[in-house]
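Asks: Take a look at the following structure, please.
The values are calculated or read from the model by the stated rules, or taken from the named source; none is laboratory data. Values in this document were obtained by computation on a predicted structure and should not be read as measured data. FYI the Cβ positions are ideal-geometry reconstructions off the backbone, even for glycines, and counts take in every protein chain you see.
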Amino acid sequence: MVSGNFGDSRPALILLSGLPGAGKTTFATELRKHLAFEHVESDRIRAEVAPVPRFTPGESGVVFRLAEAAVRLALESNCHALLDATNLTNKDRRRFLKAAEQLGAVVVAVRIAAPEGVIRQRLAEPREGFSKAGEDVLDKFLSRPQPFGIPAVVVDSRFPLAPAIELVLALVNGSD
């Protein structure tokens, strides 16, 4: 595992994006086995802010201000940060890309995807973790995804994650 402090090398922001149930947290958990990073999970923050989440714009505004602060703190501390959130639109991602640019961090964008039927099946089953999003939330988000304006690793979470993990590690480690 890589240590959390990188001396003269630049920290990386690993910016995950994907629909609820696509596999973002699963990807983050697997990546954690190979790389130290601050895991900024919007679902965890939301659970702390709103024990019964309503996914309103106001609630989300608070969640993402706190997420941005956590990402900035990690990058300012010269640690990698992984943002585990839907981040479906350019507007959603803008504040985090700006923070990375201001702090001189490398950005590794990762789109986690799966077919809608697979996602619906995952959301219908009991899940571990903080996410409370169900099919109702998925339905609100289906029309939102926009392509990244920067190169991104695209991961189909139905398949083994190892090749994508290796690619993300290479991109992070190539940031010297």
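Asks: Between a residue in the stretch 12-24 that is within 18 Å of residue 78 (Cβ to Cβ) and any residue that is assigned to a loop (DSSP other than H, G, I, E, B) and hydrophobic (A, V, I, L, M, F, W, C), which pairs come within a Cβ distance under 7 Å, given they are 6 or more apart or on different chains?
Replies: Partner pairs satisfying both residue conditions: 12/105; 13/105; 14/37.
Asks: Of the residues 104, 149, which is on the phi > 0 side of the Ramachandran plot and either modelled with pLDDT of 95 or more or surrounded by fewer than 19 Cβ atoms within 10 Å (Cβ to Cβ) (or both)?
Replies: Selected residue: 104, the only one of 104, 149 that is on the phi > 0 side of the Ramachandran plot and either modelled with pLDDT of 95 or more or surrounded by fewer than 19 Cβ atoms within 10 Å (Cβ to Cβ) (or both).
Asks: When you scan the stretch 110-125, do you find a residue that is within 22 Å of residue 155 (Cα to Cα), at pLDDT below 95, small (Gly, Ala, Ser) and not in a helix (DSSP H, G or I), even just one?
Replies: no
Yes/no matrix, rows are residues, columns are (1) farther than 21 Å from residue 22 by Cβ; (2) without any contact (Cβ under 8 Å) to a residue 40 or more places away in the chain; (3) not polar (S, T, N, Q):
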site: 68; (1), (2), (3): yes, yes, yes
site: 75; (1), (2), (3): yes, no, yes
site: 79; (1), (2), (3): yes, no, yes
site: 83; (1), (2), (3): no, no, yes
site: 86; (1), (2), (3): no, no, no
site: 100; (1), (2), (3): yes, no, yes
site: 112; (1), (2), (3): no, no, yes
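Asks: Among the listed residues 135, 166, 76, which satisfies the condition of being more than 19 Å from residue 12 (Cβ to Cβ) and out of contact with any strand residue (DSSP E or B) (no Cβ under 9 Å at 6 or more places or on another chain)?
Replies: 135
Asks: Looking at 66, 73, which one is exposed (fewer than 14 other Cβ atoms within 10 Å of the Cβ), hydrophobic (A, V, I, L, M, F, W, C), modelled with pLDDT of 90 or more and over 13 Å from the mean Cα position of the chain (by Cα)?
Replies: From the options 66, 73, the qualifying one is 73.
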